Amino acid sequence: MAKRDETITSHARVVIIGGGIFGVSLLYHLAKEGWKDLVLIEKGELSSGTTWHAAGQCPHFIGDLNMARIHDYGIRLYKSLEEETGQSTGWHTSGGVRLARHEEELNWHRHVAGISKQAGIETHVVGLDEIRELHPFLELHDVVGGTYTPHDGYADPTSATSAMAISARNNGAKIYCNNLVTGIERDGEDWRVISEKGDVRCEHLVLATGFFSDQVGRWLGLRLPLVNVVHQYLITDPVPELAGRDRELPVVRDPGSCSYMRQEQQGLLGGPYENRGLETAYDDGVPWSFDQQLLPPDLERISPWLELMMKRMPLFETVGVRQVISGFIAHAPDLSPLVGPIAGHRNLWLAAGSAIGISQGPGVGKYLAQWMVHGAAEISMLSIDPRRFGDVHTDGWVKRRTVEMSQQLFDLHPPGFEFSEGRPLRLSPIHYRLAGRGAVFGESMGWERPKWFAPPGVEEAHSFRRGNAFDTVAEECRAVRERVGLLDLTSFTKLEVTGPDAHGLLDRVFANRIPSKDGGITLCHLLAENAVVEAEITVTRLSAESYFLLSAGSMQLRDYDQLSKARTDNEKLEIADVTESFGCLLVTGPKSRDLLQTLTDADLSNAGFRWMTAGQIDIAGASVRALRVSYAGELGWELYPTCGHMPAVYDALAEAGEAFGLADFGMY
């Protein structure tokens, strides 16, 4: 590692702040990509913070294709690093078994196995006899099966971090430990990192700052959505029954006790995740002196789950506890890491917030390095892009949602399941009207939006098979296909690009031709510099210098940020986020024209209002921006009244629609 008295360089291409598994992995992979002048600054020793005390498990069982690829890459790298660097990672291929307690959990396992197959990961859904053969020390009275992933295992976090650091330094990267960063400033087009050992000017700056990320972010006016969740695990004395075994026990993940259990040398290691009463730490900021420290252990607090863990694996009851590890980990509200560009700043990147960092660290470093070097990664990064959260996600929402999701880590979440804490954040102007009609709401970028309309007294029963919403949703679809339906799409992202150079910007960054006539509509694809498709956006020309852009609600911050960063300094234009200024109602179905024509004097005929065109029409005393487009596959219009006029427009449509068999429908 870097000598403590080494003089820090004054310039670099990249500075990474933070020497945990994420920061060192990114340094390693940037060096592998061929970038030079790489610097990592760590205020303590490498692997300080969260990395050093992690249990180090690396599972393949995960229900997201791109995260499965991230996990699989990490396992493959840990197996090969010692050959490359001479430094052991402490890797053990123990295999892993996740238990299922009932058929619905087993359906989830089958779903995950399908994802694993697509990712090229060996996965087996197994029965009780196979589980007993793999692990003879489990009590399985309430288990119906499980999933065996033979290439799972665990690494030693500090050794794995050191191995990547050795390789990075061999490829020219510089690492400065015991050097506290005290500030960050913009310096022209570059960044200036102020540290105790001197300032470094760099082109790219990466915050791999773990549970210090929010504090570091505040130097730049950022509020990063992270919560420090306390987690404890214990290591036992040696277990006589494990002596002389020729095969290591697989890591067990048990939803019944909300815990993981594995062999640790000749003893056992186990850690529960509390599904109630979860504690957080240092909500107001972690002391800068906190490096390789722990919290006081509190076995009494986790004793209910320890008792369940001991019932699942009775060997735990036969030996004493040798050590308790009590630490905290910075979690994002959806428990996925925050990896990618930070909105509003050029060449500022984030890599933090992983709930299982040892497993995800290598893959995060690899794919973030690809993003930085090539403009895109070879996998989709949408699910971990930091811009999936925005200012709408308040501090209160962030904490409540993070705790809720952490407490439900082992719970089953079938399709259609929605988390509840912190809601609602954003309401459509007609939210309560829809709720009165039975709307069941989902959440996207804080918006409450209708998924389907339940009959009185019916609550949705979620399932991996056909749920009880199916028949009702079928009737909603039938209404749209045969009559006319009405959908609230206020959650759409709505942007306006105006000015003399508006057309030039859009023509440069979008595939497809930008509309050349007023009222023209084109479905376009926003491209990265290397032509990777970043987003699908509907572009409407309002006038020669004014364009109305529509995209997914979840992409609000991301799309705005990408467009803003694509403009050049000399372009005369403005990009405005008008999402909360306009509502949106989709009127669609074979009778949509007949319905709308009763409410407006505008000519809605094919000749008067052609497909993929837009215009202003009057409805219920409001001037409404109308787009003749419907992605529901039927004749239809998207109507964009101002939010103040939306209730009156909806009421007029609902009243007039009774004669045409109008039905509210949802996103399902």
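Percent relative contact order of region 278-408, based on C-alpha pairs within less than 8 angstrom and at least six residues apart?
It comes to 24 percent, rounded to a whole number.
Rounding to the nearest 20 debye, state how big the charge dipole of the chain is about its Cα centre with +1 on each Lys and Arg Cβ and -1 on each Asp and Glu Cβ.
Roughly 880 debye for the chain.
The heavy atoms of Ser554 present about 60 square angstrom of accessible area, all protein chains included, probe 1.4 Å. Rolling a 1.4 Å probe over the protein heavy atoms gives region 194-351 an accessible area of 39 Å² per residue. Calculated on the alpha-carbon coordinates, the convex hull of region 243-326 measures out at 126 cubic angstrom per residue. Estimated at the nearest 10 Å², the accessible area of Phe582 is 30 Å² with a 1.4 Å probe.
Normalised radius of gyration for region 155-206, please: alpha carbon Rg relative to 2.2 N^0.38 Å, two decimal places.
Against the compact-globule rule of thumb, the ratio is 1.39.
How high is the relative contact order of the chain? Use alpha-carbon pairs under 8 Å, at least six apart in sequence, and give a whole percent. Computed over the chain, the figure is 13 percent. Using +1 at the C-beta of Lys and Arg and -1 at the C-beta of Asp and Glu, which of His231, Gln597, Phe389 has the Cα lying farthest in the positive direction of the dipole of the chain? Farthest towards the positive pole: Gln597. When its C-alpha radius of gyration is set against 2.2 N^0.38 Å (N residues), region 144-277 gives a value of 1.52. Would you mind classifying region 550-591 by shape? Square roots of the alpha carbon gyration tensor eigenvalues, ordered a ≥ b ≥ c; an a/c under 1.5 is rounded, otherwise it is prolate if a/b is larger than b/c and oblate if not. Verdict is prolate for region 550-591. Magnitude of the charge dipole for region 65-205, about its Cα centre and with charges confined to Cβ atoms of Lys, Arg (+1) and Asp, Glu (-1), is about 320 debye. Sequence-ordered 3J(HN,Hα) estimates for region 611-620 from the Karplus curve with 6.51, -1.76 and 1.60 and θ = phi - 60° stand at 4, 6, 10, 9, x, 8, 10, 9, 9, 6 Hz, glycine and proline given as x.
Helix 65-85 and the long axis of the chain differ in direction by around 30°, with both axes built from C-alpha atoms. Each principal axis of the Cα cloud of region 519-668 was evaluated for its coordinate range; sorted largest first, these ranges are 53, 32, 31 Å. Taking the square roots of 5 times each eigenvalue of the Cα gyration tensor of region 81-179, largest first, gives ellipsoid semi-axes of 38, 15, 12 Å.
Relative to the longest principal axis of the Cα atoms of the chain, the long axis of helix 103-119 makes an angle of roughly 90 degrees. At a probe radius of 1.4 angstrom, the accessible area of region 77-132 per residue rounds to 48 square angstrom.
Projecting the Cα atoms of Val144, Ala100, His111 onto the dipole axis of region 92-150, where Lys and Arg carry +1 and Asp and Glu carry -1 at the beta carbon, places His111 farthest toward the positive end.
Using the Kirkwood radius over Cα pairs, work out the Stokes-Einstein diffusion coefficient for region 89-130 at 20 °C and 1.002 mPa s, in µm²/s as a whole number. Could you put the intermediate results ahead of the total?
On the way: Rh = 11.7 Å.
Estimated via Stokes-Einstein, D reaches 183 µm²/s.
For region 543-668, the solvent-accessible area of protein heavy atoms averages 42 Å² per residue (probe radius 1.4 Å; ligands and nucleic acids excluded). Along its three principal directions, the equivalent ellipsoid of the chain from the Cα gyration tensor extends over semi-axes of 47, 33, 20 Å, largest first.
For region 3-112, applying the loop criterion from DSSP together with a ceiling of 16 other beta carbons within 10 Å to the trypsin sites (Lys or Arg not before Pro) yields Lys3, Arg4, Lys36. For region 266-324, the Cβ-based charge dipole about the Cα centre amounts to some 380 debye (Lys, Arg positive; Asp, Glu negative; other atoms uncharged).
Helices in the chain, meaning DSSP H runs of at least 4 residues, each add -39500 (n - 2.57). Divided by all residues, the mean residue ellipticity at 222 nm is -8000 deg cm²/dmol. In terms of its alpha-carbon gyration tensor, region 383-530 comes out oblate; a/c meets the 1.5 threshold, while b/c is at least as large as a/b.
In this entry, region 585-668 is assigned a mean projected area of 5.2 nm², taken as a quarter of its C-alpha convex hull surface.
Counting only protein heavy atoms and using a 1.4 Å probe, what share of the accessible area of region 393-538 belongs to carbon plus sulfur, as a whole percent? Carbon and sulfur together cover 49 percent of it. For region 173-253, the relative contact order is 16 percent, taking Cα pairs closer than 8 Å that sit 6 or more residues apart in sequence and dividing their mean separation by the residue count. Helix 357-374 axis versus longest C-alpha principal axis of the chain: approximately 50°, rounded to the nearest ten. Normalised by 2.2 N^0.38 Å, where N counts its residues, the alpha-carbon radius of gyration of region 1-121 equals 1.36. Shape class for region 299-434: oblate, because the ratio a/c of the largest to smallest gyration tensor axis (alpha-carbon atoms, square roots of eigenvalues) is 1.5 or more and b/c is at least a/b. Counting lysine pairs in region 24-168 that sit 8 or more residues apart in sequence, or on different chains, and whose Cα atoms lie under 28 Å apart gives 4.
Here the accessible area of region 120-228 is 44 percent carbon and sulfur, with a 1.4 angstrom probe and all protein chains present.
The values are calculated or read from the model by the stated rules, or taken from the named source; none is laboratory data. Note that the structure is predicted; figures quoted are calculated from it, not measured. Glycine also receives a Cβ, built like all others from the backbone with ideal geometry; neighbour counts cover every protein chain displayed. In case anyone asks, the SASA skips ligands and DNA or RNA and just uses the protein heavy atoms, side chains included. Shrake-Rupley method; radii C 1.70, N 1.55, O 1.52, S 1.80 Å.
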